[in-house]
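Here the structure is laid out as structure tokens; the discussion comes afterwards.
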């Protein structure tokens, strides 16, 4: 299937996700967050990469707050649109250290947050529009995370948190598309169980 096939799936899944009432989205996000925090790989991780959710995405605020409350290093990405890269920064105080970036999504202020090498990551929460039970992932089309995953020299557990309505039977994939290790929804987990950082 061509890129137009991806566009159609992206459009359909985003429409379903956008149709979720805010209260239901919040409740489902809380259930997903509990599942994420219960993962052994997450519990054992010292350095956790997440992202700031926007629109109708799984709400990451509670997950981020818990990572910080546990004394772990929280890493958030800064999108460099020109180079199509993700730059990683440690964030200790999201309220003070984030500013609107590309597409208005809050991202780390480079003048306040220290850079972090990807080799330090023990657990990575990856955004996605659609996923399969085989852990194939469809993003927003920018290729930022596919490039980030391809460039990893040490691969930590890569996890997509998604609502069950984002799980589709199949996805058109190309050689540049990167799978993740686990998909966590409000009532299921798909793919091999990950046991700890670096596994």
Next on the checklist: Conditions first: (1) in contact (Cβ under 8 Å) with a residue 60 or more places away in the chain; (2) not in a helix (DSSP H, G or I). Residue 16 passes all but one, so which condition is the exception?
Outcome noted: (2)
Checklist outcome for this item: Subset of segment 156-169, residues over 14 Å from the mean Cα position of the chain (by Cα), touching a residue at least 40 places away in the same chain (Cβ under 8 Å) and not in a helix (DSSP H, G or I), comes to 168
Checklist entry - Is it the case that some residue within segment 20-30 is without any contact (Cβ under 8 Å) to a residue 60 or more places away in the chain, in contact with a helix residue (DSSP H, G or I) (Cβ under 6 Å, 6 or more places away or on another chain), part of a helix (DSSP H, G or I) and over 17 Å from residue 158 (Cα atoms)? => result no
Checklist outcome for this item: Scanning segment 139-149 for residues that are part of a loop (DSSP other than H, G, I, E, B) and touching a helix residue (DSSP H, G or I) at 6+ places or on another chain (Cβ under 8 Å), the one surrounded by the most Cβ atoms within 10 Å (Cβ to Cβ) turns out to be 139
Checklist entry - Considering 56, 29, which residue is at pLDDT 95 or above and closer than 25 Å to residue 173 by Cα? => result 56
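The values are calculated or read from the model by the stated rules, or taken from the named source; none is laboratory data. None of the values given here were measured: they were computed from a predicted structure. Glycine gets a Cβ as well: all are built from the backbone with ideal geometry, and neighbour counts include every protein chain shown.
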